[in-house]
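Everything on this sheet refers to the single structure shown next.
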Amino acid sequence: MENKKEELTPEELKEKGYRVFDLIESYFQKLESFPVLPKVKPGDIKNNLPASPPESGEDFETILKDVEDIIIPGITHWNHPHFHAYFNSTSSSAGIFAELLSATFNSNGMLWKTSPALTELEEVTLNWFKNLLDLPENFWGIIYDTASVSSMHAIAAARERTGLEIRTKGMAGRAKLPKLILYTSEQAHSSIDKGAITLGIGSENVRKIPVDNKYRMLPSFLKKAIQKDKDAGLLPFCVVATVGTTSTTSIDSIAKIAEITGEEGLWLHVDAAYAGPAAILPELKFIFNGIEMADSVVINPHKWFFLPVDISILYIKHPQILKQAFSLTAEYLKTNEDSDVINYMDYGIQLGRRFRALKLWFVMRYFGKKGLINILRNHIAWAKEFESLILSNKEMETMAPVNFGTVTFRFIPSFLKTDEEINAFNERLLNEVNTEGKIFISHTKLNGKFTLRFVVGGIRMEKKHVVEAWDILQYHFNLLKKNF
Ligand SMILES: Cc1ncc(COP(=O)(O)O)c(C=O)c1O
């Protein structure tokens, strides 16, 4: 029998839409009762799903029931107020509404003409965001999906500026092409290596500059490394500094590094993917001291600005170089307005692009500058309170300064003597805490020491969650002390 399904009528859309909103509402109502990490084994979700799609269309009720029964139990709940791992990314309701509208309009902003509102709202919101953070007026912005992609584009622009015509001739196209060298700190995010790998720079040619005891890049070592490479006939072309490193949230000195890149004529890119939004706070403006001397900076509103994944912003001082690196207009993409407007497809590898500016606009308007300042300031204050609890506990130690909403620490039970034993203890504690599922924390390694990371950054997080998390950690600590 024929099963002919057609697109919903507007009335049906409303009826089913309410059902979806019911699910969203019930999800948020129940959120805190879910384990942050799902209690599933690899393959559990797949084994509950048929191997092929249905022959005949199904009712939304059946589909939504499977979302509740199969999908939600397999979700790691990033929106959970006890998600304290990595850099927590949470979606505010304003962000969710904007995503819904973005899917509704389904605009594709490859050209101005293919959605003027998408292009112009992107220009306007990126100027607003730039002003909130007091970034230089002459920084031009573009939205990509992730910081990895933003940084890759910045490195591509830096490569383009060398004048080596790699765009046309390729990396192997010129006889005796000098090796291009990129510098970043030992604490830089792996996305910088990946950008260099993608662009044919080669992972061998990414120099990892040592850091000081606060995990900040040592500019004197950077200077020496550049000189050494120049002496060897290599071609330094780009330095990546980080404001808010992934392991410890350390802050490289942009000003000191920019002095060197200025003297050497190197591109300075700043990775502020996590910590960038903190510059909205008057007391943290200093994190961007010297930014006017940088060439580009990446900031991810999907990390600590309550926008759903994904949205990453690249600000760049020389958009024309980015354009030179990427612009390529096929006949079928030419429009009458080309000389008067921004066609964002000219500034990156992708042609099609989603309407991400809508969610940035919604979130900035809904919370307002004061609202956003308030939320970020609270997160930082609670992280510092968590730090104070650690400092007053003889069996714990912090591992790096708390600059934002992230605390790095470890337990040092007095009966353990070596770092190996202490590492094993903290690793087991991490696993036991996360297996229980009430809170989710993550880890890193600092100078060989297994380090726990506790992040305060979610939109649904309150001070009580930090207090609860502390109690949960103490409970597991005391239990493990007896069983270790
Ligand atoms: C400092 C830093 N840069 C870049 C990234 C990569 O972010 P994305 O997932 O948006 O590529 C991260 C991820 O946590 C990060 O911490």
* Asked: Name the pairs whose Cβ atoms lie under 8 Å apart, with the first residue in the range 270-289 and under 13 Å from Trp304 (Cβ atoms), the second within 16 Å of the ligand (Cβ to nearest atom) and among the basic types (Lys, Arg), and 6 or more positions between them or separate chains?
  -> Ala273/Lys303; Tyr274/Lys303; Pro277/Lys303
* Asked: Restricting attention to the range 151-192, which residues are within 14 Å of the ligand (Cβ to nearest atom), surrounded by fewer than 18 Cβ atoms within 10 Å (Cβ to Cβ) and assigned to a helix (DSSP H, G or I)?
  -> Ser190
* Asked: When the range 322-357 is examined, which residues are found to be in contact with a strand residue (DSSP E or B) (Cβ under 9 Å, 6 or more places away or on another chain) and outside any loop (DSSP other than H, G, I, E, B)?
  -> Leu322, Tyr344, Tyr347, Ala357
* State whether one or more residues within the range 260-274 are part of a loop (DSSP other than H, G, I, E, B) and farther than 29 Å from Leu180 by Cα. => no
* **Condition broken by Gly17, with the remaining ones in (1) assigned to a helix (DSSP H, G or I); (2) in contact (Cβ under 8 Å) with a residue 40 or more places away in the chain satisfied** => (2)
* **Checking Ala294 against (1) more than 12 Å from the ligand (Cβ to nearest atom); (2) surrounded by fewer than 24 Cβ atoms within 10 Å (Cβ to Cβ); (3) among the hydrophobic types (A, V, I, L, M, F, W, C), the condition it does not meet** => (2)
* Asked: How do the pairs read when you match residues in the range 233-246 that are closer than 20 Å to Ala400 by Cβ and assigned to a strand (DSSP E or B) with residues anywhere that are at pLDDT below 95 and among the hydrophobic types (A, V, I, L, M, F, W, C), using Cβ under 6 Å and keeping only pairs 6 or more apart or on different chains?
  -> none
* Asked: What tally of residues in the range 317-344 results from selecting those that are of a type in the set (A, V, I, L, M) and in contact with an Asp or Glu (Cβ under 7 Å, 6 or more places away or on another chain)?
  -> 3
* Asked: Here is a list of conditions, (1) polar (S, T, N, Q); (2) surrounded by 14 or more Cβ atoms within 10 Å (Cβ to Cβ); (3) away from the ligand (no atom under 16 Å from the Cβ); (4) within 30 Å of Lys369 (Cα to Cα), and Asn205 meets all of them except one; can you say which number that is?
  -> (4)
* Structure fact -> Restricted to the range 415-440 and to residues being among the β-branched types (Val, Ile, Thr) and more than 16 Å from Asp471 (Cβ to Cβ), the residue surrounded by the most Cβ atoms within 10 Å (Cβ to Cβ) is Ile422
* Structure fact -> When the range 280-302 is checked residue by residue, the ones that are part of a helix (DSSP H, G or I) and farther than 16 Å from Thr245 by Cβ are Ile280, Pro282, Glu283, Lys285, Phe286, Ile291, Glu292, Met293, Pro301, His302
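The values are calculated or read from the model by the stated rules, or taken from the named source; none is laboratory data. All values reported here derive from a predicted model rather than from experimental measurement. Quick reminder, even Gly has a Cβ in these numbers, built from the backbone with ideal geometry, and neighbours come from all protein chains shown.
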